[in-house]
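Remarks on the structure that follows.
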Amino acid sequence: MDKRIASPDAAIANLRDGMTILMGGFGLCGIPENLIDAVRRQGTRELTIVSNNAGVEDCGAGVLLQTRQVKKMISTYIGGNKLFEQLALSGELQLELNPQGTLSERLRAGGAGIPAFYTPTGYGTVVAEGKETREFGGRMYVLERALRGDFAFVKAWKGDRWGNLVYRKTARNLNPMMATAADYVIAEVEELVEPGQIDPDHVHTPGIYVDAIFQGARFEKRIEIRATRKV
Amino acid sequence: MPLTDDQKRERIARRIAQELRDGYYVNLGIGVPTLVANFIPKGMDVVMQSENGMLGVGPYPLESEVDADLVNAGKETVSEIPGTCYFSSADSFAMIRGGHVDLTVLGGLQVDEKGNLANWSIPGKMLKGMGGAMDLVAGAKRVVIAMEHATRENKPKILKKCSLPLTGVGVVDHIVTELAFIEVTPQGLLLREIAPEATLEQVLGLTEPKLLLPPSGPAVMSV
């Protein structure tokens with residue numbers, strides 16, 4: 001079995017206008033930089049992007065907001081990207097804000113064959129508007145539906161040609177759930193290794209979820225907020 | 001001399017740190033809440049949870065240790081400590097929603113006397129998103145709000161009813177400001193402590209709802 005693909009551009013050959021892409025990453029940490037660049041080059045439009053944030057103006061999913069390739073964002077947080085905030089406030093961009101735990105669980109459910117679930121999060125707030133609510137044990141819960149994508153772009157540290165993936169530190173974030181919840185899942189890795197080189201006990205995403213894998217040509221891994229101590 | 005903004009922030013963080021207990025798992029929000037980590041009493045083991053997928057958040061790294069793959073929920077670079085572990089966002093929010101986090105400290109735009117919190121949007125003006133805040137207030141065992149007592153224009157932020165979009169309903173346990181330590185009770189807001197230089201009249205004047213007082217009056221905040 002060999003899921004290797006020559007380039008990010010080849011990996012998204014079947015991406016079409018109007019499709020939904022799940023994009024891993026938290027801020028600029030653990031984002032699929034090479035695939036985002038490929039989408040910019042390809043020029044597909046009217047995309048729906050599911051991503052915790054939209055990076056910053058010129059890095060991460062923010063790049064695709066600049067090129068106006070995005071119709072709708074499903075995200076949890078906007079702070080840190082002025083263009084995202086402006087486009088959302090002016091209505092030029094459709095925005096669906098989800099609580100972070102709800103977004104994570106919607107994706108997990110989407111990959112696990114669970115159509116919907118009840119959560120206490122957001123009860124009594126705008127995120128519960130129009131949704132079913134129900135009481136369990138004296139507490140109110142909101143019915144949230146599973147979420148899936150046409151494509152998932154996953155960034156991992158290491159992967160093998162079977163698609164087994166290992167993430168590094170907090171670059172894991174939403175990547176593992178997204179890897180389970182799309183029709184076509186592409187992993188970009190910093191290091192592509194042979195099957196057997198990853199300790200089977202250390203695999204975070206089993207290869208069954210992954211359709212295509214490549215070693216990224218370039219990882220900027222930009223740091224959004226460089227906080228340090230002196231001693 | 002009125003307190004500077006930095007002094008207010010430090011005072012709020014110091015007071016909240018007094019609520020920590022050995023063995024607590026704690027999630028700190030962005031801004032003033034993050035400062036609480038600077039005032040953990042010596043010798044006390046408190047494990048910081050960061051909702052992007054980390055337990056055991058260490059201090060900011062040395063310049064030579066900065067790692068793009070290692071950030072906190074405020075997207076700042078951080079370091080790991082012996083015992084740190086990493087996990088996915090789904091696992092992180094299972095911990096949070098499942099009631100495993102002992103205490104969370106978050107910022108606030110408004111809190112009202114029912115313990116409702118608004119902290120993620122000002123319609124038409126400011127839109128940040130709720131991030132993990134709605135899950136944290138729904139799931140953490142205790143929710144402490146760290147905020148300035150009033151707005152820049154001296155308008156109350158502690159209200160009878162929040163006017164901004166809510167983060168959670170009936171979720172706040174304590175409000176800590178530079179002037180007061182307030183507990184949300186079923187009967188209303190209880191003014192447990194006031195700052196050393198503050199007067200009762202001043203605190204009441206900057207708070208919209210009626211404040212309940214302990215039988216022997218509010219204690220002096222130890223800061």
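The values are calculated or read from the model by the stated rules, or taken from the named source; none is laboratory data. Please read all numbers here as calculations on a predicted model, not as lab measurements. When we count neighbours, we look across all protein chains shown, and the Cβ atoms used for this are built from the backbone with ideal geometry, even at glycine. For the accessible areas, the whole protein counts, side chains as well, though only heavy atoms, and no ligand, DNA or RNA atoms are used. Shrake-Rupley method; radii C 1.70, N 1.55, O 1.52, S 1.80 Å.
Tabulated data for the structure shown
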item: Theoretical FRET efficiency, 1/(1+(r/R0)^6), r = Cβ-Cβ of A:Glu129 and B:Ile122, R0 22 Å, to 0.05; result: 0.75
item: Fraction of antiparallel bridges per DSSP, chain A only, in percent to nearest 5; result: 30 percent
item: Per-residue mean of C-beta atoms belonging to partner chains within 10 Å, peptide B:135-142; result: 5
item: Highest-first arrangement of A:105-115, B:134-144, A:191-201, where packing means the average Cβ count within 10 Å; result: B:134-144, A:105-115, A:191-201
item: Chain B: antiparallel DSSP beta bridges as a percent of all, rounded to 5; result: 50 percent
item: Highest average packing first - A:179-185, A:79-85, A:65-71, Cβ atoms within 10 Å; result: A:179-185, A:79-85, A:65-71
item: Computed [θ] at 222 nm, helices only, for the protein assembly as shown once each DSSP H run of length n ≥ 4 contributes -39500 (n - 2.57); result: -5000 deg cm²/dmol
item: Nearest-20 debye value, region B:149-223 charge dipole, Cβ charges on Lys, Arg, Asp, Glu; result: 300 debye
item: Accessible surface of chain B, 1.4 Å probe, proportion on carbon and sulfur as whole %; result: 53 percent
item: Within 10 Å of each Cβ in A:115-126, the average number of Cβ atoms from other chains; result: 6
item: Accessible area per residue in Å² at 1.4 Å probe, computed on region A:1-62; result: 34 Å²
item: Accessible carbon and sulfur surface of chain A relative to its total accessible area, %, 1.4 Å; result: 46 percent
item: Calculated FRET value between B:Met1 and B:Val66, using beta carbons and R₀ = 56 Å, to 0.05; result: 0.90
item: For region A:142-216, accessible area per residue (1.4 Å probe, heavy atoms of protein chains only), Å²; result: 37 Å²
item: Interface A:B - total buried accessible surface [probe 1.4 Å, Å², rounded to 100]; result: 4100 Å²
item: Spatially proximal aspartates and glutamates relative to B:Lys160 (Cα-Cα < 12 Å; intrachain offsets below 8 disregarded); result: B:Asp112, B:Glu113, B:Glu208
item: Out-of-range pairs (alpha-carbon distance over 20 Å; input A:Lys158/B:Lys75; B:Lys8/B:Lys157; A:Lys155/B:Lys128; B:Lys114/B:Lys210; A:Lys82/B:Lys8); result: A:Lys158/B:Lys75; A:Lys155/B:Lys128; A:Lys82/B:Lys8
